[in-house]
Ligand code: XLS
Ligand code: NI
Ligand code: NI
């Protein structure tokens, strides 16, 4: 038995509880009430809130203009193993105090990468055993694991889509290790975010070959995981750019087309991130809708972008309208398939108090909870659904219905048009829809 650390990292902060909207305690939930039932499920079941190991326990706030501003007591150890145990202690203390149920990680968030593949594998096995014990102690679960195949210089030209086969093989070895880790930790899902799977210049790139390689890579990863008994979902996380100029997993529609083209659509679903949607010039709601319409709405990376900045600022969610519109899609499609809501968000560089991490996650959870309650009321008590249905009612009966079934040919459509004459204008009522949302907020 490894002995688990008993140091308290977030001193003076206890378990965060639900106190309701009247509370003026900043360290309490105002809307997120884990056991409250909304539309047949508890909030906790709807969301399966997860923390992102990388933002919350690794990222010290460095940016291209200056070093990190946060000193994490858990990383102060020369021994990478000890540092990783300390970090796990801090992470588990935090998640438990937040009352969340899940966490997400990259391999080298858990422990520093070794000098060789075998050394990295050994390190991962050690921290995995430690985490296993901590999970048993606390009942916390892994929402998903993923491999960081984008930070190390060897991946500068991509991982699965690298033009050099040796790098592709190396990436595969790393993904195999992280699949093993995820399975050992009873991880519910496995994520692929293609950080550098794309190009910086099309001039030096054979796009078709790289995409073919990506498809082979993903199908072999799936086969390996299944052969090891992994029953969970694989998620692709779309993002249009950053760090590459063009990322192949551009947006939900692109990824769905790719998965269908290569016959991967049975095992893979999507992990939709708010700020990636807006980077792709879509709304979060749009990306969720595209995924849901193909039965691929798997999981959510919760955060938000900035109206003035064109990059992935990964701020904590606080936009009620944005998340309410998203929750309408979420509820109408019965939530997520296998996934949950992972706070892939970071506190600002100048947010340097330990309590800021709590405040950020409280705000994020409250935003989702509040939006869920609003969306639930809109669907139950407003004319919203009926109004949408009415717009399409001409396809519910008669010739419209026959058209929808594919039973009317073009010549007949021509004759019908002659017969109907000029159609009357029918308002789209956008402002009415917007007012309904606003009324329920
Ligand atoms: C980066 C991505 C990344 C993935 C996991 O933009 O959001 O954090 O979620 O590799
Ligand atoms: Ni992101
Ligand atoms: Ni993400």
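The values are calculated or read from the model by the stated rules, or taken from the named source; none is laboratory data. Because the structure is predicted, anything quoted here is derived from the model rather than measured. Don't worry about glycine lacking a Cβ; one is built from the backbone with ideal geometry, like all the others, and counts go over all protein chains shown.
Could you tell me which of the residues 115, 129, 86, 148 is more than 19 Å from residue 48 (Cβ to Cβ) and within 24 Å of the chain's Cα centre (by Cα)?
Details: 115 fails: within 24 Å of the chain's Cα centre (by Cα); 129 fails: within 24 Å of the chain's Cα centre (by Cα); 86 fails: within 24 Å of the chain's Cα centre (by Cα).
Among 115, 129, 86, 148, only 148 is more than 19 Å from residue 48 (Cβ to Cβ) and within 24 Å of the chain's Cα centre (by Cα).
Figure legend. Inter-residue proximity from the range 260-281: first residues within 17 Å of residue 340 (Cα to Cα) and without any contact (Cβ under 8 Å) to a residue 40 or more places away in the chain, second residues part of a loop (DSSP other than H, G, I, E, B) and more than 14 Å from ligand 2 (Cβ to nearest atom), beta-carbon distance below 7 Å, spacing 6+ or different chains. Indicated pairs: 270/296. Return a yes/no flag: does the range 342-364 have any residue that is under 28 Å from residue 269 (Cα atoms), out of contact with any strand residue (DSSP E or B) (no Cβ under 9 Å at 6 or more places or on another chain) and surrounded by 11 or more Cβ atoms within 10 Å (Cβ to Cβ). Checked the range 342-364: at least one residue is under 28 Å from residue 269 (Cα atoms), out of contact with any strand residue (DSSP E or B) (no Cβ under 9 Å at 6 or more places or on another chain) and surrounded by 11 or more Cβ atoms within 10 Å (Cβ to Cβ).
What is the residue count in the range 187-203 for residues that are farther than 17 Å from residue 148 by Cα and touching a residue at least 60 places away in the same chain (Cβ under 8 Å)? It would help to see each step written out before you state the result.
Filtering the range 187-203 down to residues farther than 17 Å from residue 148 by Cα leaves 188, 199-203.
From the residues that got through so far, the ones that are touching a residue at least 60 places away in the same chain (Cβ under 8 Å) too are 188.
Counting residues in the range 187-203 that are farther than 17 Å from residue 148 by Cα and touching a residue at least 60 places away in the same chain (Cβ under 8 Å) gives 1.
Selection within the range 226-238: residues that are more than 16 Å from ligand 3 (Cβ to nearest atom) and closer than 20 Å to residue 336 by Cβ. The member of this set that is surrounded by the fewest Cβ atoms within 10 Å (Cβ to Cβ) is 231.
Taken as a whole, the range 317-330 holds at least one residue that is within 15 Å of ligand 1 (Cβ to nearest atom) and closer than 23 Å to residue 98 by Cβ. Of all residues in the range 86-142, those that are surrounded by 21 or more Cβ atoms within 10 Å (Cβ to Cβ) and free of Cβ contacts under 8 Å to residues at least 40 places away in the same chain total 2.
I need the full set of residues from the range 297-352 which are in a helix (DSSP H, G or I) and within 16 Å of ligand 3 (Cβ to nearest atom), in order please. It would help to see each step written out before you state the result.
Within the range 297-352, the first condition is being in a helix (DSSP H, G or I), and the residues that meet it are 320-332.
Correct list: 326 only.
Under the condition of being within 16 Å of ligand 1 (Cβ to nearest atom) and either modelled with pLDDT under 95 or out of contact with any strand residue (DSSP E or B) (no Cβ under 6 Å at 6 or more places or on another chain) (or both), the residues counted in the range 277-296 number 6. The condition of being within 14 Å of ligand 3 (Cβ to nearest atom) and either closer than 26 Å to residue 304 by Cβ or loosely packed, with under 14 Cβ neighbours inside 10 Å (or both) holds for only one of 247, 260, that being 247.
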